[in-house]
Amino acid sequence: MSIPVTNLDDRTFQDIVDEAKRLIPKYCPEWTNHNLSDPGVALIELFAWMTEMTLYRLNQVPDVFFSRMLNLMGFEPFPATAASADLTFWLVTALDHSVDVPVGTSVSTVGEFGVPRVFTTTLDKTVSAPVLMASLTSAGIDSYNDVWDDLRVDRGVVTCFPTVTPGDCFYLGFESSLAGDAIRLGVTANVEGIGVIPTRPPMRWEVWQGKGWVPVKPYQDTTGGLNRDGNIVLLIPNAHEPLSLNGTRAYWLRARLLTPEPGQPGYRASPQIRKLSVAAVGGTVRAEHSDLFGREVLGRSTGKPDQVFTVRNAPVLPRREGEVVVVTNGEVSTEWTEVADFCRSSPDDRHIVWNSTTGEVIFGPLIRYPDGSMLQHGAVPKEGATIAVSGYRFGGGAIGNVGAGTLIGLRTTVPYIGAVENIEAATGGVDAETIDNAKLRGPQSLRTGARAVTVEDFERIAGEADASIARVRCLPPLERGRPIRLLLVPSIERRSEQLQLDDFALTDEMTNRVRHHLDECRILGSTIEIGTPYYQGVTVATLVVARPGSPVSLVRDRAMTALYRYINPVNGGADGRGWGFDSDLNSATVFQMLEAVQGVERVEEVLFFEYDLRNHERIGFGKDLVKLDRDSLFLSANHQVVVR
């Protein structure tokens, strides 16, 4: 139980008015008209209102003391987190030489009201002309046929899928990695692979990523699935490793034949390629919602302890390599190391604390101890020394979660680059923590300490490591020697009905941040395994009856929205905080939820189907109950609502 907060004066407006009226006969007996229309009563109510406002301010004093105590203990709100997105830079034309997109290239939104959202690349990207060196076809594992000679001879013909059965593959081998490149395959084909839907052929492009084959995103395909002359533009993932196949070591790209989806026709005959050309048409690189600011002089040192300087722009994003505080004394410049606090800093340590939220750069304090000794924690720049920062990035927040296709304005000129776009929406932007939430989190953090011992400790500390984490589930090991499993659910700023399985993938930055944060808190000897929950796909089929006069289409949309919002791993469930771990899906609760939807007269039937989120198809028969494993969460898709 928390400590009760004292109410220093609990009188209300009416209490003050009544008390003043009771004192009238004592101090002013000749005043006998106490009706509401009397001017004197109006004055009493005016002064009562003013007194109530004073009491309100008085009762904030305990809350102010509470905030001051948290500040004294060094408790700070989480800073904002910057959104990130993959930016694809398109070349003006296919080139035979390399094109560099340097780190720090700026791109912004265009045509929006308000301040444009600016994203800057976090890595260098070089787009090079690909060199094709080998080609294979395969009718199964370890069964390869070298078709390189047929492909490079003008009159040769390559049959892509030898047996036209799922699993057949057509391989292209390259001399160097295509990681992050956008490549164009120019195809000259025979019209042989008939029978498929041209916009949905049962095939998938993949590359070898070191641990397995991963899908390649097709940006454009005018060949109808390798079935006619045209171009295929592919966006290669940011990892592409070499592999030895049939005695040839190369960077492989393959087209794999899939099992057709229900209702989707397959190939009756294999596509045939007569000629193939390859060219690089662009490159994809990671960018974050931030502005770059170069060297900034903050001021001159006074030679005294506990000096504070503030950068011009805030909030400041976590510093990268080369973003440091530089102290210049005469002709000598030194870089000072950023630390979390000065507890372990000696008088000779060149340490500073850089507050990300306020942008303040703080030098070490001089502290007096009980024995009367004075100890300087962290060195102090000499008087007259120039304090500067080499550069920093600022920005962040949920405002950076812009939609797909909105980052199209090049703010930095790059030779041979004609256009840019974000093919997918930006994600990961989180606003700075509110003061109210920090007050709620403060006592919990102080109560449990800084050590991860219990399941709740691991979940709390992991959630503190990254503001873009929405939920954490800790699974203790069932056997001695097994690792502790941490399941992370990222915060996603998208409509519930638009959520897809790939949205819940963890970034390397998030995983590393959590792992490093827990390494400082975990018990010696414990090991941690970080991953995601298993997202159990589920779809709901329901029959509802609309109230008389309610539009059927409107009731259907409301019911559909309610289902997606309710069965949601981020903000679903009865409390809106995400579907609970270990919480089964029961038709009785969905009945109640749908009956509360505006315009619904009654719900006649609810059935659940397990759903393959990757292949987008139902599994099995309808159920009244779907159970959930302890490492799983529900993710709903493709609901069907029938309204009559």
Fill in the blank from the handout: When every residue in segment 169-192 that is part of a loop (DSSP other than H, G, I, E, B) and more than 30 Å from residue 101 (Cα to Cα) is compared, the one modelled with the highest pLDDT is 191
Exercise for the section: Within segment 302-343, work out how many residues are in contact with a Ser or Thr (Cβ under 8 Å, 6 or more places away or on another chain), assigned to a loop (DSSP other than H, G, I, E, B) and surrounded by 14 or more Cβ atoms within 10 Å (Cβ to Cβ). Expected result: 8
Handout entry: Residue count for segment 209-237, restricted to those that are surrounded by 15 or more Cβ atoms within 10 Å (Cβ to Cβ) and either closer than 28 Å to residue 420 by Cβ or in contact with a helix residue (DSSP H, G or I) (Cβ under 8 Å, 6 or more places away or on another chain) (or both)
Key = 14
Problem - Considering residues of segment 374-407 that are among the aliphatic types (A, V, I, L, M) and closer than 18 Å to residue 294 by Cα only, the residue surrounded by the most Cβ atoms within 10 Å (Cβ to Cβ) - result: 389
Problem - Which numbered condition residue 350 fails, given (1) surrounded by 13 or more Cβ atoms within 10 Å (Cβ to Cβ); (2) at pLDDT below 90; (3) among the basic types (Lys, Arg) - result: (2)
Exercise for the section: May I ask you to verify whether residue 356 is part of a loop (DSSP other than H, G, I, E, B), closer than 30 Å to residue 425 by Cα and not β-branched (Val, Ile, Thr)? Expected result: yes
Exercise for the section: Please tell me if residue 159 is surrounded by 17 or more Cβ atoms within 10 Å (Cβ to Cβ) and more than 29 Å from residue 423 (Cα to Cα). Expected result: yes
Practice task
Could you run through segment 198-214 and say how many residues are part of a strand (DSSP E or B), under 26 Å from the mean Cα position of the chain (by Cα) and not hydrophobic (A, V, I, L, M, F, W, C)?
Solution key: 1
Exercise for the section: May I ask you to say which residue of 200, 256 is closer than 29 Å to residue 421 by Cβ, crowded, with 18+ Cβ neighbours inside 10 Å and among the basic types (Lys, Arg)? Expected result: 256
Problem - Considering residues of segment 462-500 that are among the aliphatic types (A, V, I, L, M) and part of a loop (DSSP other than H, G, I, E, B) only, the residue farthest from residue 527 (Cα to Cα) - result: 499
Exercise for the section: Considering only segment 86-168, give the strands (runs of 3 or more DSSP E) lying wholly within it that have at least 2 residues that are touching a helix residue (DSSP H, G or I) at 6+ places or on another chain (Cβ under 8 Å). Expected result: 132-140
Fill in the blank from the handout: Checked 467, 462, 452 against criteria (modelled with pLDDT under 85, over 29 Å from residue 563 (Cα atoms) and under 24 Å from the mean Cα position of the chain (by Cα)); the one match is 462
Exercise for the section: Kindly establish whether residue 195 is small (Gly, Ala, Ser), outside any strand (DSSP E or B) and under 22 Å from residue 260 (Cβ atoms). Expected result: yes
Exercise for the section: Report yes if residue 605 is of a type in the set (Asp, Glu) and without any contact (Cβ under 8 Å) to a residue 60 or more places away in the chain, otherwise no. Expected result: no
Fill in the blank from the handout: The condition of being more than 30 Å from residue 200 (Cα to Cα) and modelled with pLDDT of 90 or more holds, among 628, 607, 563, 543, only for 543
Practice task
Working carefully through the options 127, 153, find the one that is surrounded by fewer than 20 Cβ atoms within 10 Å (Cβ to Cβ) and within 25 Å of residue 96 (Cα to Cα).
Solution key: 153
Handout entry: Filtered residues of segment 156-202 (kept if under 24 Å from residue 144 (Cα atoms) and polar (S, T, N, Q))
Key = 159, 163, 165, 176, 177, 188, 190
Fill in the blank from the handout: Of the residues in segment 348-362, those that are closer than 30 Å to residue 397 by Cα and in contact with a Phe, Trp or Tyr (Cβ under 8 Å, 6 or more places away or on another chain) come to 351, 352, 353, 359, 360, 361, 362
Problem - residue 386 vs. criteria polar (S, T, N, Q) and modelled with pLDDT under 90 - result: no
Completion exercise
The strands (runs of 3 or more DSSP E) lying entirely within segment 360-441 that contain at least 1 residues which are closer than 26 Å to residue 316 by Cβ, small (Gly, Ala, Ser) and touching a Lys or Arg at 6+ places or on another chain (Cβ under 7 Å) are 386-389
Practice task
Could you list all residues from segment 283-301 that are at positive phi and crowded, with 19+ Cβ neighbours inside 10 Å?
Solution key: none
Practice task
Taking residue 121 as the residue in question, decide whether it is surrounded by 18 or more Cβ atoms within 10 Å (Cβ to Cβ) and out of contact with any His (no Cβ under 6 Å at 6 or more places or on another chain).
Solution key: yes
Exercise for the section: Spot the failing condition for residue 128; the list is (1) at pLDDT below 90; (2) under 38 Å from the mean Cα position of the chain (by Cα), and only one is missed. Expected result: (1)
Handout entry: Neighbours by Cβ (under 6 Å, 6+ apart or cross-chain): first from segment 70-96, more than 28 Å from residue 288 (Cβ to Cβ); second modelled with pLDDT of 75 or more
Key = 94/279; 94/281; 96/129
Handout entry: Sole residue being outside the structural domain of residue 507 (by TED's automatic domain parsing) and modelled with pLDDT of 85 or more, chosen from 109, 54
Key = 109
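The values are calculated or read from the model by the stated rules, or taken from the named source; none is laboratory data. If you're wondering where the values come from, they're calculated on a predicted model, not measured in any experiment. Backbone-built Cβ (ideal geometry, glycine too); neighbour counts: all protein chains shown.
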